[in-house]
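Visitor: Below you'll find the structure I mean.
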Number of protein chains: 2
Amino acid sequence: MPQGKPDVVPDDGLTTRQRRNRPLVMVHTGIGKGKSTAAFGMALRAWNQGWPVGVFQFVKSAKWRVGEENALRVLGASGEGGTVRWHKMGEGWSWIQRPPAEGEQSHEDRAREGWEQVKRDLAAETYRFYVLDEFAYLLHWGWIDTAEVVQVLRDRPGTQHIVITGRNAPPELVGFADLVTDMSKVRHPMDAGQKGQRGIEW
Amino acid sequence: MPQGKPDVVPDDGLTTRQRRNRPLVMVHTGIGKGKSTAAFGMALRAWNQGWPVGVFQFVKSAKWRVGEENALRVLGASGEGGTVRWHKMGEGWSWIQRPPAEGEQSHEDRAREGWEQVKRDLAAETYRFYVLDEFAYLLHWGWIDTAEVVQVLRDRPGTQHIVITGRNAPPELVGFADLVTDMSKVRHPMDAGQKGQRGIEW
């Protein structure tokens, strides 16, 4: 079982305390399951530390991840742990007064609006832990410029941790991130015609 | 983004409804991060369905996963969603009246006691969603017989979902499970001498 001991102690001039509080960029990519699920599992630890947690869900369907969303909302409102704000592209971002009707705005434009808000929140240090769910797709598709994302993340102030999920995370992001896990599929019930199940897939 | 559509419809004589409620055995293995974290993320969905959730933590340290544990305890006590029971080997299993003192009982014996309770709970259908955290190690080490585990899981009654985490899941278990995800490490901060961080590792 993991002991949390590093193999080498780096000669980076940082104290142990500084290394213990280093702001991290984490990427969960690959074709297997568990990328987002593990990100929301991490959000539980952040919540438990009393940190403000911000979730930006870059997916079309507003119903996706409803289990995780309900759980984190209950936790955020429990009076214990940190606060939780959950933003969904699928139902129109919460900070937009009048969300455009279906067809009025492209998926791509809505995705960019989400990223603009992430940039504002990073500059303002609104949260201490960010989940950018399915964000890697937008980079892969070229809707958002990966070089800009890396620069914004590199220059972010304070101690803000970010976890980005999605297949096909671009190499520039993988190269920049502090922690990258590739979830690979060994076997999935849908291979055998299994349908998605409540409590399991959502 | 995943659509939840199977590639093939199986000729198994089951209705869609039956396939939607098929009890699943899931395994998160590999050397990367996210195995347990994703299992606890799945537990959020089970909780949201109102299912009784049972966690069996087969790790020596009682402090491990404290963030996830606190979060699931708050959720279980919230009056929304399902109940949560969290059992820890590290502080002596909760169902044992007088936990043996340190050194009085081997790690291996304590692990076996945990598995015996899991068997009783499966027979009684105590929970609908089980997390057997770090259980794969015990099978790998030969402390618990994998063939017995597979048989007990195969014969379990009702609709009980089980997720097993840990490195080195034995091939017999991987072959039996419905869903297997291998978390592989692409990069980890501890490689660069980064120490474990609160809010991130626990």
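The values are calculated or read from the model by the stated rules, or taken from the named source; none is laboratory data. As the structure is a prediction and not an experimental result, all values here were calculated from the model. Cβ: placed from backbone, ideal geometry, glycine included. Neighbour counts: every protein chain shown.
Visitor: For segment B:134-181, which residues satisfy the criterion of being closer than 27 Å to B:Trp47 by Cβ and free of Cβ contacts under 8 Å to residues at least 24 places away in the same chain?
Guide: Within segment B:134-181, B:Arg154, B:Asp155 qualify.
Visitor: In this structure, is B:Ala136 out of contact with any strand residue (DSSP E or B) (no Cβ under 7 Å at 6 or more places or on another chain), modelled with pLDDT of 95 or more and more than 9 Å from chain A (Cβ to nearest Cβ)?
Guide: Judged against the criteria, B:Ala136 is not a match.
Visitor: Take the residues of segment B:31-65 that are among the hydrophobic types (A, V, I, L, M, F, W, C) and farther than 24 Å from B:Glu125 by Cβ: which is nearest to the other protein chains (Cβ to nearest Cβ)?
Guide: B:Ala38
Visitor: Turning to a different aspect of this structure: Just wondering, is there one or more residues in segment B:61-79 that are polar (S, T, N, Q) and under 16 Å from the mean Cα position of the chain (by Cα)? Before the answer, list the steps.
Guide: Applying the first criterion (polar (S, T, N, Q)) to segment B:61-79 yields B:61, B:70, B:78.
Next, only the ones that are under 16 Å from the mean Cα position of the chain (by Cα) stay: none.
Scanning segment B:61-79, I find no residue that is polar (S, T, N, Q) and under 16 Å from the mean Cα position of the chain (by Cα), so the answer is no.
Visitor: Which one of these is at pLDDT below 95, surrounded by 14 or more Cβ atoms within 10 Å (Cβ to Cβ) and over 27 Å from A:Thr159 (Cβ atoms): A:Trp64, A:Trp93?
Guide: Going through A:Trp64, A:Trp93 in turn, just one is at pLDDT below 95, surrounded by 14 or more Cβ atoms within 10 Å (Cβ to Cβ) and over 27 Å from A:Thr159 (Cβ atoms): A:Trp64.
Visitor: Taking the condition farther than 25 Å from B:Gly32 by Cα and either among the β-branched types (Val, Ile, Thr) or in a helix (DSSP H, G or I) (or both), does B:Val131 pass?
Guide: Considered against the rule, which asks whether it is farther than 25 Å from B:Gly32 by Cα and either among the β-branched types (Val, Ile, Thr) or in a helix (DSSP H, G or I) (or both), B:Val131 comes out as no.
Visitor: Taking B:Asp155 as meeting all but one of (1) out of contact with any helix residue (DSSP H, G or I) (no Cβ under 8 Å at 6 or more places or on another chain); (2) among the acidic types (Asp, Glu); (3) within 11 Å of chain A (Cβ to nearest Cβ), write down the number of the exception.
Guide: So the condition that B:Asp155 fails would be (3).
Visitor: When you scan segment B:169-188, do you find a residue that is modelled with pLDDT under 75 and either at the interface with chain A (Cβ under 8 Å from one of its Cβ atoms) or outside any strand (DSSP E or B) (or both), even just one?
Guide: Quick first cut of segment B:169-188, residues modelled with pLDDT under 75 only: B:187-188.
If we keep only those that are either at the interface with chain A (Cβ under 8 Å from one of its Cβ atoms) or outside any strand (DSSP E or B) (or both) too, we end up with B:187-188.
Checked segment B:169-188: at least one residue is modelled with pLDDT under 75 and either at the interface with chain A (Cβ under 8 Å from one of its Cβ atoms) or outside any strand (DSSP E or B) (or both).
Visitor: Residues being more than 23 Å from B:Pro170 (Cα to Cα) and either at pLDDT below 90 or among the charged types (D, E, K, R) (or both): count how many of those fall in segment B:26-59.
Guide: Adding up the residues that qualify gives 1.
Visitor: Can you pull out the residues in segment B:66-107 that are small (Gly, Ala, Ser) and away from chain A (no Cβ under 14 Å)? If you could, list the steps in order and put the result at the bottom.
Guide: Within segment B:66-107, the first condition is being small (Gly, Ala, Ser), and the residues that meet it are B:67, B:71, B:76-79, B:81-82, B:90, B:92, B:94, B:101, B:103, B:106.
Answer for segment B:66-107, where residues must be small (Gly, Ala, Ser) and away from chain A (no Cβ under 14 Å): B:Gly92, B:Ser94, B:Ala101, B:Gly103, B:Ser106.
Visitor: Further question: Taking the conditions exactly as written (closer than 23 Å to B:His161 by Cβ and β-branched (Val, Ile, Thr)), does B:Val66 satisfy them or not?
Guide: no
Visitor: Could you check, for segment A:31-42, whether at least one of its residues is small (Gly, Ala, Ser) and over 27 Å from B:Gly30 (Cα atoms)?
Guide: Scanning segment A:31-42, I find no residue that is small (Gly, Ala, Ser) and over 27 Å from B:Gly30 (Cα atoms), so the answer is no.
Visitor: So which residues in segment B:114-165 are on the phi > 0 side of the Ramachandran plot and surrounded by 15 or more Cβ atoms within 10 Å (Cβ to Cβ), if there are any at all?
Guide: Residue satisfying the conditions is B:Glu134 alone.
Visitor: Let me ask something else about it. Identify, by number, the condition in (1) closer than 21 Å to A:Thr159 by Cβ; (2) touching a residue at least 40 places away in the same chain (Cβ under 8 Å); (3) facing another protein chain (nearest Cβ under 7 Å); (4) in a helix (DSSP H, G or I) that A:His28 doesn't meet.
Guide: Unmet condition: (4).
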